[in-house]
């Protein structure tokens, strides 16, 4: 791994900071009169997703981490892992469900997903911010229950349940926010 200083920061690179892998979201050089220049940064901890705002000095050094991102096709889920087909070498790879978190509930079969690897081991699963999914089943809407904002429980093709507006029917395609698990809109 290469050593880099704050002067070499670029958005999107990954560094090791205090025994954590962090991706640089933003950085800005700040010069104040009579003080040493600093670099204000916003970092995202890869494991937890937490965003950190840290100021660095010019002389600080960090290990730059090189991750490999592979496009993989989701095949199926087991109790504790997600099974993907690597589209590069067509091998099955088991990825722990914990790397995807709650977003694992919104991965339909055959979806192409980006998986980041560090030294051959899966590190993170990156889903798009929103996925289009089909409603498999939903409760029947009660006649006259057309109050603004009324919702009912529906089951997605992935088996996950969420609240949707009462006008959504089985077979409809909807957009779901993979970060919050909320209904966004009908396709």
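The values are calculated or read from the model by the stated rules, or taken from the named source; none is laboratory data. Because the structure is a prediction, the values reported are computed rather than measured. Heads up, the Cβs are rebuilt from the backbone with ideal geometry, glycines too, and the neighbour counts pull from every protein chain shown.
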* To do: May I ask you to verify whether residue 107 is crowded, with 18+ Cβ neighbours inside 10 Å, closer than 19 Å to residue 161 by Cα, at pLDDT 85 or above and within 20 Å of the chain's Cα centre (by Cα)?
  => yes
* Structure fact -> By residue number, the members of the range 111-141 that are part of a loop (DSSP other than H, G, I, E, B), touching a strand residue (DSSP E or B) at 6+ places or on another chain (Cβ under 6 Å) and under 15 Å from residue 86 (Cα atoms) are 111
* Matching residues, the range 160-187, being free of Cβ contacts under 8 Å to residues at least 12 places away in the same chain and part of a loop (DSSP other than H, G, I, E, B) -> 180
* **Residue count for the range 12-39, restricted to those that are more than 30 Å from residue 103 (Cβ to Cβ) and surrounded by 14 or more Cβ atoms within 10 Å (Cβ to Cβ)** => 2
* To do: Name the residue, out of 12, 49, that is closer than 20 Å to residue 129 by Cβ and in contact with a strand residue (DSSP E or B) (Cβ under 9 Å, 6 or more places away or on another chain).
  => 12
* Asked: Among the residues of the range 35-48, is there at least one that is in the same structural domain as residue 117 (by TED's automatic domain parsing), in a loop (DSSP other than H, G, I, E, B) and in contact (Cβ under 8 Å) with a residue 12 or more places away in the chain?
  -> no
* Looking at (1) in contact with a helix residue (DSSP H, G or I) (Cβ under 9 Å, 6 or more places away or on another chain); (2) modelled with pLDDT under 85, which is the one condition that is false for residue 139? -> (1)
* **Residue that is nearest to residue 179 (Cα to Cα), among those in the range 14-34 that are over 24 Å from the mean Cα position of the chain (by Cα) and assigned to a loop (DSSP other than H, G, I, E, B)** => 31
* Looking only at the range 50-61, and only at residues there that are within 11 Å of residue 22 (Cα to Cα) and either part of a strand (DSSP E or B) or in contact (Cβ under 8 Å) with a residue 12 or more places away in the chain (or both), the one that is farthest from the chain's Cα centre (by Cα) -> 52
* Asked: For residue 92, are the conditions met, namely being loosely packed, with under 12 Cβ neighbours inside 10 Å and at pLDDT below 90?
  -> no
* To do: Would you point out which residue out of 88, 71, 93 is in contact (Cβ under 8 Å) with a residue 12 or more places away in the chain and outside any strand (DSSP E or B)?
  => 88
